[in-house]
Every structure is written in structure tokens, then in C-alpha cells.
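Reviewing the structure listed below.
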Ligand SMILES: Cc1ncc(COP(=O)(O)O)c(C=O)c1O
């Protein structure tokens, strides 16, 4: 089996894989409701959020479904969304807003660029009607960890604009200050930093935000957060859920709690990433971003001179490692390495040995 150094789906631990073999369940039976409730509570527990103020809504779908559910359900028809783009996933918010005719404007940056806070402040100053900001925490396109703390400070100066956060590739491994940053909702998925399997996603939403929404003005049937929230608060589920992936998320949550929570996972990823950065630097493979701009989850690197992405990928795959290309036009110039999943220091050291061989015989 290859070691997956792509940013999800991740290598599963044995116990998460085993959990997929638990008994079949009907989603209308009490056993499923107990499973759903436990997952909802444990998701809040990852960041120690109060169940009075916050709710976890869990549904079947990939990370994009959580993004789509969040912005279609929480930006009211009279509201206006400012979307911050500096990579593929910020741009995905824009695609969603266009499809659903959500009133929005865009603050665009090139992929990987730091978010320009002066421009953000100016936009909010000029467009007083903006009610929400959609922003990606960890832009997996490049590995940039956007500075949500600074964005939140600016939002607070402008009538407390609500922040809708894509934390798909940061939830469970990076700091998210829900209350201090005034987060209204956050979208994420089971199969990245939480180490579950693909197929379950979730939105953590501030209960105030949902209580202000008009349930009769839904933009979507399947991804209506308010419908899910109401059903799940009442021990139900509106649609058939993917039971086995729920089992896996439940086990993955148990695992991260036993591991000591998100801080320990952050430390683990950071240690692995430090080895990757240090050893690749020795091979003259440079990171695209400084360490203090990068997540602990994924970093991007310039391709070694004279080696195409295809050659690097194929030879590493032969050696048992799957790396990830740059997206779009970036494929020609860089590659990405993620440390998520059940990966050990030994795996990373074997990866370094493998890449050393390829670079030295190019
Ligand atoms: C930051 C971010 N947002 C959204 C997504 C989309 O998730 P999915 O591919 O599970 O729909 C990804 C996927 O990598 C991501 O990294």
C-alpha cells in the first residue's frame, strides 16, 4: 500500500478502518441517532465549544457540500457576501455564490498571495452593505495558512461582519479561535485532519446565526443547513446518511481525543513537516512559502531542477509514495506534500530516502 502524502483522503489507522465493519444500521433507528449525537458532541469537543452556543450539523457529502451548505444557508437574501480568494477553494466559494445567485463581491488575490488587509478594510469601508465574509483558513492550493485573526479584527471594526470559514483542511490540526474571531460558521470534512474516511462532512454553526435565518427561503433542498439542524436537534436525520462513514468519523474522533486533541495533532504534523522542509532544502528543493506563512498540514515545493512533476510523481509512486501536483498552471512548477493521516516519522524518512535517489540520478 502506498503512503499517501496528498491532502486527503488520508491513510487510515487500523482502528478507523476496522470501524467500517461494524453492523449495518437503519438511519431511522435509535442506534443511529446515538451515533449521530455522539459525533455531533465530539465535533464540538475538538475545540471545546459550548453546545448551548454552537451546533454541529453532520451530513453525507465531501468538503464542498459543507462549503455549499454553509453559504447557501447562512447568507440571507438581503445580505451580501464578500469572498476572499487566494486559491482554488476561495474561488470555489465564488462558483457556489454564482450558481445560487447569492449577492456577492470578490476580493481577489493570485494563488498563494497573502491576503491584503488594507484592501479588505477598504472594501468593507466602501461596501457598507456587506454582511458576511467567506474565507478559507488553510488554502490547500499552496499550503498558505490565512491569518484569520487579523481578518477578524478588521471585521469587528465594521459592524461585526460574520465570518464563514472553510476549515476543510485545518479543522483538527490548526488553531481556530471560534469565539475570539467571531466565527459564525465553519465548514469541514471527516477525511482530512480528523483522519476519517471520505463521505461525511459537517458545519459547525453558531446557533444565533441559524435562529436569524428564514427557513422558508431555502436555496437548496439537499444542503439546507436549517433542515438538518432542526432534524438532528430532534433526534432525526432528513435523508439517508452514509452509515459506515459515520462509524469511521466516530472512531476518528475518539482517536483524536485520546491523542490529546488538535494541539497534539498540530505538533505531530509540524514535526513531520519540519523533517520534510529541512531534508528537501538539503536537496536544493525550495519551499514556495516561508514556514510562518504555511500550515502544518501541507507545504508546497518548487520542482527540483530538470525533473518534471510526472517523473517525480511516477518514480515516487513506484517507491510507494503518492505526492500531489500543483493545481491548474502550478503543476509545471511545484508539488505538494501533506503530513495528514496515519503517517509516522519512519514513513517520512523513507520518503526522503526515495526522493534523494530520484534527485541524485536525474
Ligand atoms: C480548503 C479546502 N476546501 C474545500 C475542499 C473541497 O473538499 P472536497 O474535495 O472534499 O469536496 C478542499 C479539498 O481539498 C480543501 O482543501
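The values are calculated or read from the model by the stated rules, or taken from the named source; none is laboratory data. Just so you know, these numbers come straight off a predicted model, no measurement behind them. Virtual Cβ from ideal backbone geometry, glycine too; neighbours counted across all protein chains shown.
Structure summary
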item	result
Of all residues making up region 247-294, the number that are crowded, with 17+ Cβ neighbours inside 10 Å, part of a loop (DSSP other than H, G, I, E, B) and either outside the structural domain of residue 348 (by TED's automatic domain parsing) or out of contact with any helix residue (DSSP H, G or I) (no Cβ under 8 Å at 6 or more places or on another chain) (or both)	2
Yes/no for residue 235 being in contact with a helix residue (DSSP H, G or I) (Cβ under 9 Å, 6 or more places away or on another chain), surrounded by fewer than 22 Cβ atoms within 10 Å (Cβ to Cβ) and within 26 Å of residue 140 (Cβ to Cβ)	no
Selection status of residue 73, within 21 Å of residue 155 (Cβ to Cβ) and within 21 Å of the chain's Cα centre (by Cα)	yes
Any hit, region 143-155, residues being away from the ligand (no atom under 11 Å from the Cβ), outside any strand (DSSP E or B) and under 18 Å from residue 63 (Cα atoms)	no
Qualifying residue in region 96-104 (condition: within 16 Å of the ligand (Cβ to nearest atom) and either within 23 Å of residue 339 (Cβ to Cβ) or touching a helix residue (DSSP H, G or I) at 6+ places or on another chain (Cβ under 7 Å) (or both))	yes
Per-region count, region 61-81, residues within 12 Å of the ligand (Cβ to nearest atom) and either surrounded by fewer than 23 Cβ atoms within 10 Å (Cβ to Cβ) or part of a loop (DSSP other than H, G, I, E, B) (or both)	4
Selection from region 128-142 of residues that are within 16 Å of the ligand (Cβ to nearest atom) and assigned to a strand (DSSP E or B)	133, 134, 135, 136, 138, 139
Selection status of residue 117, surrounded by fewer than 16 Cβ atoms within 10 Å (Cβ to Cβ), in the same structural domain as residue 44 (by TED's automatic domain parsing) and in contact with a helix residue (DSSP H, G or I) (Cβ under 9 Å, 6 or more places away or on another chain)	yes
